[in-house]
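Notes for the one structure printed next.
Please treat every number below as a calculation from the coordinates, not as lab data. None of the values given here were measured: they were computed from a predicted structure. Here the Cβ is made from the backbone with ideal geometry for all residues, glycine too, and neighbour counts use every protein chain on show.
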Amino acid sequence: MPSSESSELLVKRVEGDMTVHRAAGLKAALCGALDASAGLGLDLSGVTDFDTAGLQILLLLNNQAQAGGKTLRLDSLSAPVNEIFELFHLGRHFPAVSGRARAPVRQQRRAADMDQSLKSFVLESRERLADMETALLQVEQAPARGDLVNAIFRAAHTIKGSAGLFGLDHIVAFTHMLESVVDQVREGRMDITNRLVILMLSCSDHIGTLICEIEAGRFTASEDVTTRANSLIEQLRRFLISGAPANAADGASTARWHISLDFGADVLRHGMDPLLFIRYMTRLGRIVDVAIVPGQLPSHDEMDPETCYLGFGIVFESTASREKIESVFELVRDDCVLNIVKHDGQAPAERRGGANAAPALQADAAAAAKAAVSAIGTASVRVEADKLDHLINLVGELITACANVDLMAQRVQDPDLRESTSVLSGLVEEMRDSALQLRMVKIEGTFNRFQRVVFDVSRELDKDIRLVISGEETELDKTVVEKLADPLMHLVRNAIAHGIEAAHVRTQRGKPAQGTLRLNAFHDSGSIVIEVSDDGGGLKADRIFAKAVECGLIDAKRVMSVNEIHNLIFEPGISTAEQITNLSGRGVGMDVVKRNIMAMRGSIGLSSVEHEGTTVSIRLPLTLAIIDGFQVAVGGNVFVIPLDAIEECIEYAEQEGGDYLNLRGEILPFVRIRDFFRIDGRASSRESIVVVKHAGQRTGLVVDTLLGEFQMVIKPLGKMFNPVKCISGSSIMGSGEVALIVDVASLCEQIVSRQTHPVSV
């Protein structure tokens, strides 16, 4: 920041950004310079970007100069600074201003410099697109369409307004056309038909493509994207031909609005610049005057340069409705207090003097400031997923370290130390639960995306299918949700393609012509269960059996139950489709589903009744990071059994009956862990049975020693251990030794199916 002496003024040239990113350094340097001189002259010709934080610094310097009887002069305003000075009539705050910018020069954004506000735009736009798609898929069959149509309109309008803030004119133009069509539907001038819904879904997809382009740093649409946009715009225009003009506001009378805005303290930290939103209002009408309310601006010693202190009072003339004006501030509604009052009577043609309007506007904004604290105090905070993952990893390491301390306390046998470690373990457990809760998300978002899948695939196959969703409020770890999407996609597409019959077939069988596909989720015994069910034709056991014999998977003379035959569908190469389509029929899919589910320490089951339907049940752990485990020892090896799978532990007594035990009148199958994993050595003289339960089936695990409950951090085994069955991972104990985590689901399947052959590890 170069400086020079001129007529007793210390002249400083500011170059680059005057934004929140540099606010701390600029505030310290400029306030210090003003303190050390008789006056300060600022050469702002080199300022390339200017936001609310930069404006606050100038207002702070002005207050500091007035309080100290010093001079503050602003020289050679660059285009970005001059634009704000003209729009906000800042001459009344800074009388000593000379040299305005000659030509407006707009700074170009680069992908590498995509700031936080643009990232927020991308994220918010995707959320609005998801809302739009959900509403479009429901609007045709909804008895009352008003709320859904309004939701579609709000989504389009919000995206258009936000895109306008960043100068993304191609997105603005496209969404404006879509918005115009939806507005005709809202006004009752156009009926929403299946053809229109399909077109709007295509438009939603195209906006999603444009958003992806922006995220990738491409701010100008390619030729292919432009061609696609023009085609969709032309189709939208055809719908408007028979309706009212696209701009319903054309010809409406101009109204004058008094608007007071008070932004929250953290709005700048959230990547939002209040000046951008006010500047965007010029697209809807004419800003007559803007009064800045700097009454809450602290002294330079107390000011946090990244905190927003300003309020704004605006006189605005527009034909736009109150709803449209409010939508300008949609992205920052949680970070501001907004008050819009329509002035009585027709707005005068001549511009009212800014000086006369300022006091009233300042009063409006100051009054709104009192309510801002409570409104913004409840705002949520977005946290990057990588930061949450890092936190979970640190908590995991803390659990391991805590286990080590607890082990040493047991060896020392110091009562005070053991008491302290007990308290520490309790706090770590609470921290673990809190950290895991941060990563818990509702499965609603995953389920809702299949509304579109069902809509598109059923249309492609000429089937009438409705999707019924329940249990969408069920929460599970975000990492589980991310890995669950692909298996569910396979199951949903299979249910549509193979499960649910064509309408004429269903009618012949006495069923409703419309088929039903259900997605359900619920918690059960510390796990989450997800069900994909349909009311279709069910599985044909004889066809599956014949296909398995043809593929060489089983012997033709083998005797199997119906359920065992049904589960052959998860074997590679099994497909009962009569013909291969672009959806299915190649025998690839269900085996991949099972493999992916097993990789998440989960299990998958299937039940089907011919001509009635099929239900596929997926059982998954709530988290893949940390578990409460019960340690057992077999020989010199330590195994961990997930605590939520354990019902009880009993002493084992040798008795007749082979691998079955009479447990209070019920038959309990069991397996010796020593024999199952081929562990050398002799069994303990006093063995125990750990009774576990999975999917309603109780089984027993015979072990040498019970070691107790511990929190365990799950570590993957690595690719070289992929062939190992019935082990889902490992964990590091406090002693530094490795404990293997038992895959209860796989082990129970082995026991129940009487497959007691040893497994080589």
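Annotations for the structure displayed:
- Evaluated over the stretch 468-537, the Cα radius of gyration and Dmax, each in Å: 14.5, 44
- If R0 is taken as 45 Å, the Cβ-Cβ distance between residue 138 and residue 423 corresponds to a FRET efficiency of 0.30.
- In order along the stretch 658-671, the Karplus-derived 3J(HN,Hα) couplings, from 6.51 cos²θ - 1.76 cosθ + 1.60 at θ = phi - 60°, round to x, 9, 10, 9, 8, 10, 6, x, 10, 7, 10, x, 9, 9 Hz, and Gly and Pro are given as x.
- Spread of Cα-to-Cα distances over 10 Å intervals beginning at zero, given as percent, for the stretch 385-439: 25, 43, 23, 9, 0
- The stretch 626-752: relative contact order as a whole-number percent, Cα under 8 Å and 6+ apart: 31 percent
- In this calculation the C-beta distance from residue 412 to residue 709 is compared with R0 = 25 Å, giving a FRET efficiency of 0.75.
- Taking amide H positions as modeled 1.01 Å from N, with prolines and chain starts lacking one, the residues under 5 Å from residue 714 and 5 or more places away or on another chain are 626, 627.
- Rounded to whole Hz, the Karplus (6.51, -1.76, 1.60) HN-Hα couplings of the stretch 552-563, x for glycine and proline: x, 7, 9, 7, 5, 8, 5, 9, 9, 6, 4, 5
- Potential lengthening between residue 390 and residue 122 on full extension [0.36 nm per residue; Cα-Cα distance subtracted]: 94.1 nm
- Here the stretch 114-241 is treated as a Stokes sphere of Kirkwood radius computed over C-alpha pairs; at 10 °C and 1.306 mPa s its diffusion coefficient rounds to 108 µm²/s.
- Length gained on full extension, residue 35 to residue 437, computed as 0.36 nm times the residue gap minus the Cα-Cα distance: 139.7 nm.
- With Rh defined as the Kirkwood radius, the inverse of the mean 1/r over Cα pairs, the Rg/Rh of the stretch 442-621 is 0.96.
- Set the Cα radius of gyration of the stretch 3-98 against 2.2 N^0.38 Å, with N its number of residues, and you get 0.97.
- Ranked list, fewest to most other Cβ atoms within 10 Å of each Cβ, for 44, 123: 123, 44
- Exposure proxy order (Cβ contacts within 10 Å, fewest to most) of 31, 308, 551: 551, 31, 308
- Principal semi-axes in Å for the stretch 644-728 [√(5λ), Cα gyration tensor, largest first]: 24, 16, 14
- Amide H within-cut-off set for residue 554, under 5 Å, with H built and near neighbours excluded: 549
- Zone of residue 464's modelled label, taken as backbone nitrogen in the stretch 506-544 under 20 Å from a point 7 Å along Cα→Cβ: 506-518, 534-538
- Each label point was placed 7 Å from the Cα along the Cα-to-Cβ direction; for residue 502 and residue 237 their separation is 4.0 nm.
- The stretch 455-547: antiparallel DSSP beta bridges as a percent of all, rounded to 5: 55 percent
- For the pair residue 131 and residue 664, the difference between a 0.36 nm per residue extended length and the Cα-Cα distance amounts to 186.5 nm.
- Three semi-axes of the equivalent ellipsoid, the stretch 250-343, Cα gyration tensor, whole Å, largest first: 27, 14, 10
- Distant-in-sequence amide contacts of residue 284, defined by a placed amide H-H separation under 5 Å and a gap of 5 or more residues or a different chain, comprise nothing.
- By other beta-carbon atoms within 10 Å, ranking 170, 300, 390, 343 with the fewest at the front produces 390, 343, 170, 300.
- Using θ = phi - 60° in the Karplus curve 6.51 cos²θ - 1.76 cosθ + 1.60, the 3J(HN,Hα) couplings for the stretch 32-42 round to x, 5, 5, 4, 8, 9, 7, x, 9, x, 10 Hz; x is entered for Gly and Pro.
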